[in-house]
Amino acid sequence: SLFDSPEAIRKKIMAAATDSGKDVIYNITKKPGISNLLTIYSLLSGHTIKEIEKEFKGKGYGDFKKSLAEVVVNYLDPFRRKQVELQTRDVYVKEILSKGASRAKIIAETTMKDVREKMGLI
């Protein structure tokens, strides 16, 4: 999941399905497993798939997956830290949820009043 420990994320990525061979090349038809991982790497790192292919030319899937794991862990780190922070601020989170619920109720009541008026029910 999104908030797995960095170690769990690394294990999952190292266990991710790849294809036969060892070349880190994008080919969705012949190499769907590594192509999927290349897409994830590209989206989270901001590097193009071609740049990533060039970086891992002559290296195997193991090196690529280790690097991908670090990219994913680093990308998720701010979210993980925010989750930990919010878990320690229970009162604050409940207050925000309560304010949001109150605001949503006011908006919904206003909208329903407008709907009733336009339908001639008021």
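The values are calculated or read from the model by the stated rules, or taken from the named source; none is laboratory data. In this text, all values refer to a predicted model and were calculated from it rather than measured experimentally. All Cβ positions, glycine included, derive from the backbone under ideal geometry; neighbour counts span all protein chains shown. Ligands, DNA and RNA are stripped out before the accessible areas are found, and what is left, the full protein with its side chains, is counted by its heavy atoms. Shrake-Rupley method; radii C 1.70, N 1.55, O 1.52, S 1.80 Å.
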With the 8 Å Cα cutoff and a minimum separation of six or more residues, the chain has a relative contact order in percent of 25 percent
Given a 1.4 Å probe and every protein chain left where it sits, what share in percent of the accessible area of the chain is carbon and sulfur? 60 percent
Highest mean packing first, using Cβ neighbours within 10 angstrom, the peptides 8-18, 34-44, 73-83 sort as 34-44, 8-18, 73-83
Give me the accessible area per residue for the range 13-63, probe 1.4 Å, as a whole number in Å². 63 Å²
Helix 61-87 against the longest principal axis of the chain: what's the angle in degrees, Cα atoms only, rounded to the nearest 10? 20 degrees
Cβ-derived FRET efficiency at R0 41 Å, Lys30 paired with Ala8, nearest 0.05: 0.85
Using a basic spin-label model with each label point 7 Å from the Cα along Cα→Cβ, how many nm lie between Ile106 and Lys94? 2.3 nm
Return one quarter of the surface area of the convex hull spanned by the alpha-carbon atoms of the range 1-83, equal to its mean projected area, in nm². 5.2 nm²
Quick one: angle between helix 32-45 and the longest Cα principal axis of the chain, in degrees between 0 and 90, rounded to 10, please. 60 degrees
Helix-only estimate, please: 222 nm mean residue ellipticity of the chain, summing -39500 (n - 2.57) across DSSP H runs of length 4 or more and dividing by its residues, to the nearest 500. -24000 deg cm²/dmol
At Ile122 and Asp63, where each label point lies 7 Å from the Cα along Cα→Cβ, what is the point-to-point distance in nanometres? 6.9 nm
